[in-house]
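The structure appears below as structure tokens.
Values in this text are rule-based calculations from the coordinates and carry no lab data. Predicted model, so just to flag it, every value in this text is computed and none were measured. Neighbour counts run over all protein chains shown; Cβ positions are idealised from the backbone, glycine included.
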Amino acid sequence: MRQKSWFAALHPQTDHHWGIVLAGGNGTRLLQFMKARFGEYRPKQYCALIGKRSMLRHTIDRVSYLFAADHLLTTVSAQHLTWAYNDLRDRKPGTVIIQPFNRETGPGILLPLLHVHRADPKSIVALFPSDHFILQEERYRSFVARAIEFVSKHPEQIVTLGINPTSQQHGYGWIEKGEPSCAEGIYTVKKFWEKPDAQMMHYLNEKKCLWNTMILVGTSQNFLNLMEEHMSSVFVPFKRIANSIGTTFESDVTEDVFRLIPSVNFSQSVLEKIPEKLCVLPMDGVYWNDWGDEFRIRIDIDFLEHQEHVFKEDEEETVIVVQ
């Protein structure tokens, strides 16, 4: 009988619901903005732009209500550990996955998925980028919970959370929803576009398409199957990592693999090619924005600063009350 790895031993299967907060990006487009604001070239996910907590810490606190403490993982880059320490020092052992280098979203998602699947082959996994600004957090969590419930009944599907667009900004992925699925409020996906040009954006807006938040829910097995099919340039060498998990060679093998693999975008390589396997859940009544560039950040900060608002900071979450 195969023994459990140290990782599996640290994560008892009290349930099969897992969350992964993705914080391995470099935030290159925002480095100058962060330098001007904080006095150093700090990756955006480690910056406190609203309240006292960083975007990463906001993300962890926002979704921690949904998962057992040892079932919420965070991926960080080895180059960012100095900044990551303050945000992650209270996290349970084994919940921080370190990627040696940033190789885009494909490898950044695959690495923690391999760890989760090794610990719990029946896992349902929710993926959370760490650079989102979200109001109405309780309502937001209810949508994530609904997506998890849907996947538990339809493990062959992946659910992405969608948002009705509020502008004609560039840089978002778009989703054309299809027919209602067998669950209320969830739709099939006709097509997925990753960052279309201005002409296509106008067309998508006219068709009432949705922004893709890249908040995804699916079984670890389904994610891995699709990545094996559509990301073979990464998935094949990652088998070495999968076989090394829990051994004394894991760190060295992971670094060797990351050093050699190409950068692969998960949306372009996988999502665009599998619309028939995707469902979309529109998050009505939730304000969401991807803080991927300076313009979007300034819009939200300017909005908040011109309202009569109150920041209530406690150890759990920031509540913004707009009067």
Among Thr74, Thr105, Thr166, whose mean-square fluctuation peaks in a Gaussian network model of the chain (Cα, cutoff 10 Å)?
Thr166
Positive-pole candidate from Pro282, Gly173, Thr219, dipole of the chain, charges at beta carbon
Thr219
Under unit Cβ charges (Lys, Arg +1; Asp, Glu -1), what dipole magnitude, rounded to 20 debye, does the chain have relative to its Cα centre?
580
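On a full-extension model of 0.36 nm per residue, what is the gain between Arg37 and Ser233, subtracting their alpha-carbon distance, rounded to one decimal in nm?
Result for the pair: 66.7 nm of gain on full extension.
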Between the range 75-127 and the range 130-202, how far is it from one alpha carbon centroid to the other, in angstrom?
23
With charges only on Cβ, +1 for K and R and -1 for D and E, what is the dipole size of the range 94-204 about its Cα centre, in debye, rounded to 20?
160
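Grab the DSSP H runs of the chain that are 4 residues or longer, score each as -39,500 (n - 2.57), total them, divide by all residues and round the 222 nm result to the nearest 500 deg cm²/dmol.
Values: 12 runs with 122 residues, N = 323.
After summing the helix terms and dividing by residue count, I get -11000 deg cm²/dmol.
Could you grab the Rg to Rh ratio for the range 174-244? Cα atoms only, Kirkwood for Rh. Walk me through the numbers on the way to the answer.
Values: Rg = 16.3 Å, Rh = 14.8 Å.
A ratio of 1.10.
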Length added when fully stretched, Arg29-Glu149, from 0.36 nm per residue minus Cα-Cα
39.6 nm
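How would you rank His80, His230, His170, His154, going from fewest to most other Cβ atoms within 10 Å of each one's own Cβ?
Numbers: His80 23, His230 20, His170 12, His154 17.
So the residues, fewest neighbours to most, are His170, His154, His230, His80.
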Residues in the range 234-278 reached by a label modelled at Lys207 [backbone nitrogen below 18 Å; 7 Å Cα→Cβ]:
268, 271-278
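Could you tell me the ratio Rg/Rh of the range 116-205? Both radii from Cα atoms, Rh via Kirkwood.
Values: Rg = 15.1 Å, Rh = 15.2 Å.
Rounded to two decimals, Rg/Rh equals 0.99.
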For a quick size check, give me the Cα extents of the chain along its three principal axes, largest first, whole Å.
60, 47, 37
In what order do Val270, Val257 fall by count of nearby beta-carbon atoms within 10 Å, going from fewest to most?
Val257, Val270
